[in-house]
Each structure stands twice: as C-alpha cells, then as structure tokens.
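Nothing in this text is a laboratory measurement; each read-out follows from the coordinates by a stated rule. Bear in mind the structure is a predicted one, so any value in this text is a computation, not a measurement.
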Amino acid sequence: MPWLGARVGDAHARERLEGAPLTDAEAFAAVFDDCFGEIHAYVAQRLGPDHAEDVAADTFLIAFRKRGQYDPSRASVRAWLYGIATRLVGRHRRQEARALRALGRHGPGAESAPGHEDRVSAQVSAQSLRPELAAALAGLHRRDRDVVLLVALAGLSHEEIATALDIPYGTVGSRLSRARRKLRAALGGSNPMAEMEEAGRG
C-alpha cells in the first residue's frame, strides 16, 4: 500500500521484525525505522499534519516503554503500533471530528475556510476525501470510525484490529458493518470503503 507512507519497508525487513523480541535495542530501532513513516501517515490522515509528528513520536515512546509487554504471538508489531496510535488519536477525537466536519463543509483545499481549525483541516493528508465522505466519517461514533479507518487506511485484518484495540473479533465485524451501513446511506448507496481507499491513494 504505497499510499500509507514512504517508509513502509520491504517484505524481507518486515519478516525479520515479526516475532523479534523488542527488548533488544537493535530490534526496536529496526521497528522504528520500518514503521515510523507508516504510523505518521496514518495519524496525519486522521488528525492533520500539525498533530502527526507528536502523536507518532508518542506512539513509539509508549511502545519503547512497554516493549517488554509486547507479545508477538498475539499481534504483529505493526498491529500493536496501530493500536497504540489509535488510542492516542482518540485523545484528539474532537480535533478529528472538527477536521472532518470542516472538510465536509468546505471540501479539500478550501482557501476561504474560516478559522484556524478549518484551514488546518484542508491540509490533512486525507484531503482528497469528498466532502460528503468526510462529513459522514465525522458523524460516526469514534469506536466505529477507528475500525473503519484501520481497515481503509492501515489495511489491517479483522483479527489484527481486534488485537490492536483489545476488543473481541466479533465486535470488529459488528462495528465495521454498522459503520459501512451508515456511510453507505450517507453517500447515497456508494461503497464507502472504495471511496476511502481511493482517497488514500490520491
């Protein structure tokens, strides 16, 4: 998924990372090098560039502090990092909803958007979202939006999302189904996941 960021890493590097104990400093440094760009891009797509650097850095700071608790038998390191990042994004949920609503009102690149928050929202990495899709995402409950965006932006499987968010596997499916239904209705019947994947590639 090239639209997730330039530093996603090659398949061989990813294979070396999976299952490696993160207590080893060299292993953690490799995880940072391989995944930072991807996590940064995910946060930027959700909160805009103003928050992305800090939240991505905090994600890896928390991961470093909790590296001894990481269990590779439960989750890939990538899913684990997305779980941490998503919880941190949740602390900024009002900012995310404001950014999405502003995109819904003014569209991407709206130079005349009033107020600082609206100007920031027009600069987010996901600025190619159609206004209708941005407004529909803003209308979702945060828990449902988390699941949808972990599928659409990060490409995580249901199992990975369940582990990342520490929720039952069945809950992922029900949240995703509910969110898709609401988004489809808001978009006049078009496929919301295709819309978001296309926006991410833009």
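Some values worked out for this structure:
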item	result
Stretchable slack from Arg105 to Arg65, in nm (0.36 nm times residue separation minus alpha-carbon distance)	10.4 nm
Table column - 3J(HN,Hα) (Hz), segment 33-41, Karplus curve with 6.51, -1.76, 1.60, x for Gly and Pro	4, 7, 10, 4, x, 5, 5, 4, 4
